[in-house]
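Student: Have a look at the structure that comes next, please.
The values are calculated or read from the model by the stated rules, or taken from the named source; none is laboratory data. Quick caveat: nothing in here was measured; it's all calculated off a predicted structure. Reconstructed Cβ throughout: ideal geometry from the backbone, glycine too, with neighbour counts over all protein chains shown. Side chains are part of the model used for accessible areas, which takes the heavy atoms of the whole protein and leaves out ligands, DNA and RNA. Shrake-Rupley method; radii C 1.70, N 1.55, O 1.52, S 1.80 Å.
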Amino acid sequence: MTELTGLRVFIVEDESLVALLVEAMLEDLGCTVVLSAASVDEALDLVGSGGFDVALLDVNLAGEKVFPVADELRRLGVPFAFASGYGAAGLRSDLMDVPIIQKPFRLGDLEAALARALCRAV
């Protein structure tokens, strides 16, 4: 297992196959996916329910930026990381301090991004 064992994760990803792959990777790291959303509206509805330790946010959800979800997570003090095919170039300037992994990513990349997100929250 890893230092992330037992972590409860919220995935925000609009591509169902990618979401399934990320879920499998998280399980390999000892994490549990407790919530998932495929749109900004759905994610905003779920954020307030809590029950998760960290979130992984796809930056672009069917053409809509995930930034309102990031803003709400930040307001609530919940750590998060971004996943994007665009890398840091797709982020708003005030979110450049948030860990980001470029798609496609490997298991080690995911583990490192979540670990950095958790360290930032301390």
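Student: Which one is most open to solvent (accessible area, probe 1.4 Å), of the residues in the stretch 60-79 that are of a type in the set (A, V, I, L, M, F, W, C), closer than 16 Å to residue 117 by Cβ and touching a residue at least 40 places away in the same chain (Cβ under 8 Å)?
Tutor: Residue satisfying both the conditions and the ranking: 78.
Student: Let me ask something additional. Restricting to the stretch 27-38, name every residue that is out of contact with any helix residue (DSSP H, G or I) (no Cβ under 7 Å at 6 or more places or on another chain) and either open to solvent by less than 40 Å² (accessible area, probe 1.4 Å) or β-branched (Val, Ile, Thr) (or both).
Tutor: If the condition is that a residue be out of contact with any helix residue (DSSP H, G or I) (no Cβ under 7 Å at 6 or more places or on another chain) and either open to solvent by less than 40 Å² (accessible area, probe 1.4 Å) or β-branched (Val, Ile, Thr) (or both), then 30, 31, 32, 34 are the ones that fit.
Student: Can I ask one more? Residues to consider are 9, 22; find the one that is touching a Ser or Thr at 6+ places or on another chain (Cβ under 8 Å), open to solvent by less than 40 Å² (accessible area, probe 1.4 Å) and under 14 Å from residue 114 (Cα atoms).
Tutor: Criteria check complete, one pass: 9.
Student: Can you find even one residue in the stretch 36-46 that is closer than 18 Å to residue 118 by Cβ, of a type outside the set (Lys, Arg) and within 14 Å of the chain's Cα centre (by Cα)?
Tutor: No, because not a single residue in the stretch 36-46 is closer than 18 Å to residue 118 by Cβ, of a type outside the set (Lys, Arg) and within 14 Å of the chain's Cα centre (by Cα).
Student: Looking at 14, 97, can you tell me which residue is in contact (Cβ under 8 Å) with a residue 12 or more places away in the chain, exposed (fewer than 14 other Cβ atoms within 10 Å of the Cβ) and not in a helix (DSSP H, G or I)?
Tutor: Only one candidate passes the filter, namely 97.
Student: Kindly list the number of the only condition in (1) in contact (Cβ under 8 Å) with a residue 24 or more places away in the chain; (2) out of contact with any Gly (no Cβ under 7 Å at 6 or more places or on another chain) that fails for residue 5.
Tutor: Result: residue 5 fails condition (2) only.
Student: Only one of 70, 121, 55, 43 is in contact with a Gly (Cβ under 8 Å, 6 or more places away or on another chain) and either at pLDDT below 95 or within 16 Å of residue 11 (Cβ to Cβ) (or both). Can you tell me which?
Tutor: None of the others qualify; the one that does is 121.
Student: I'm trying to understand the selection: among the residues of the stretch 104-114, which are surrounded by fewer than 19 Cβ atoms within 10 Å (Cβ to Cβ) and touching a residue at least 40 places away in the same chain (Cβ under 8 Å)?
Tutor: 107 - this is the single residue of the stretch 104-114 that is surrounded by fewer than 19 Cβ atoms within 10 Å (Cβ to Cβ) and touching a residue at least 40 places away in the same chain (Cβ under 8 Å).
Student: Of the residues that make up the stretch 47-55, is at least one touching a helix residue (DSSP H, G or I) at 6+ places or on another chain (Cβ under 7 Å), open to solvent by less than 50 Å² (accessible area, probe 1.4 Å), assigned to a strand (DSSP E or B) and within 20 Å of residue 6 (Cα to Cα)?
Tutor: yes
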